[in-house]
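Comments concern the structure below.
The values are calculated or read from the model by the stated rules, or taken from the named source; none is laboratory data. The structure presented is a predicted model; accordingly, all values stated were derived computationally and were not measured. Virtual Cβ from ideal backbone geometry, glycine too; neighbours counted across all protein chains shown.
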Amino acid sequence: MLLAFDTSTAACTAALFDTDGKCVACKDEMIGRGHAERLVPMIAEMLDGRTPDSVLVGVGPGSFTGIRVGIAAAHGFAIGWSAKLAGMSSLALLAASAPSDVDVATAMLGGHSELFVQQFDMAIRPDTALLNLRPAEAAAAISSCRVIGPGAAALVEARGWGEAIEAWPSAANAFRLPLVLRQFPADPVYARAPDAQVRSAA
């Protein structure tokens, strides 16, 4: 069985899949902050005594704290269960929440009033690089009419046209992602440097 989860946004989302890739259990909770307190109990409730042999974690971009909480938990689960561990693109997981009839752009809120954005085709293959831009710059870089995510309204407003869909990643969509987008190392993808810098040794 495979456990997939993502904590890159205000949503805390987890899903359990059988060996055929069928989702057999899932939980999606809007918690804002507090992933560190809620994630492990939520997963324990969902597993109900079952032990996955693979773990798939959203690696970002998104909330610095949320990403770190999720990845730390994933490493802990992998060690405790002797499970395989991999990462998945949080923006691709968000794109997987949209209807698959047209291409879609994803937009997450970043720091300093910026957006994390990326555009995907109908098969959820990247059409652009992962970008971290101010809304006006993102508006110029993204051509998809449909924009999904917590930052969708900001991008569409800056551009003056298009469809904004407010949504958050759901781990239940993990197997909609192309294999390459769920075979990342389980390391953070921040898309920009953190505000706090570690001091170098004197």
query = Can you tell me which residues in region 1-33 are aromatic (Phe, Trp, Tyr) and within 20 Å of ASP187 (Cα to Cα)?
reply = PHE5
request  = Report, by residue number, each residue of region 39-65 that is at positive phi and in contact with a strand residue (DSSP E or B) (Cβ under 7 Å, 6 or more places away or on another chain).
outcome  = GLY62
query = Can you pull out the helices (runs of 4 or more DSSP H) entirely within region 1-118 that have at least 2 residues that are within 12 Å of the chain's Cα centre (by Cα) and under 21 Å from PHE175 (Cα atoms)?
reply = 64-81, 90-95
message = What's the total number of residues in region 2-42 that are out of contact with any helix residue (DSSP H, G or I) (no Cβ under 8 Å at 6 or more places or on another chain), at pLDDT 95 or above and more than 17 Å from LEU93 (Cα to Cα)?
response = 4
remark   = Taking region 119-175 and keeping only residues that are assigned to a loop (DSSP other than H, G, I, E, B) and among the basic types (Lys, Arg), one is left with ARG125, ARG134
query = Which of (1) in contact with a Pro (Cβ under 8 Å, 6 or more places away or on another chain); (2) on the phi < 0 side of the Ramachandran plot is the odd one out, the single condition ALA36 does not satisfy?
reply = (1)
ask   = Within region 150-172, how many residues turn out to be among the acidic types (Asp, Glu) and either closer than 18 Å to ASP101 by Cα or surrounded by 21 or more Cβ atoms within 10 Å (Cβ to Cβ) (or both)?
value = 2
query = Are there any pairs, at least 6 apart or on different chains, whose C-beta atoms fall under 9 Å, with the first in region 37-59 and closer than 11 Å to THR7 by Cα and the second hydroxyl-bearing (Ser, Thr, Tyr) and part of a strand (DSSP E or B), and if so, which?
reply = GLY58/THR13
remark   = When every residue in region 105-122 that is more than 17 Å from VAL189 (Cβ to Cβ) and in contact with a Ser or Thr (Cβ under 6 Å, 6 or more places away or on another chain) is compared, the one surrounded by the most Cβ atoms within 10 Å (Cβ to Cβ) is ALA105
note = Flagged in region 173-202 as polar (S, T, N, Q) and at pLDDT below 95, in numbering order, are GLN197, SER200
query = If we scan region 129-149, do we find a residue that is within 30 Å of THR51 (Cβ to Cβ) and either touching a Cys at 6+ places or on another chain (Cβ under 9 Å) or loosely packed, with under 14 Cβ neighbours inside 10 Å (or both)?
reply = no
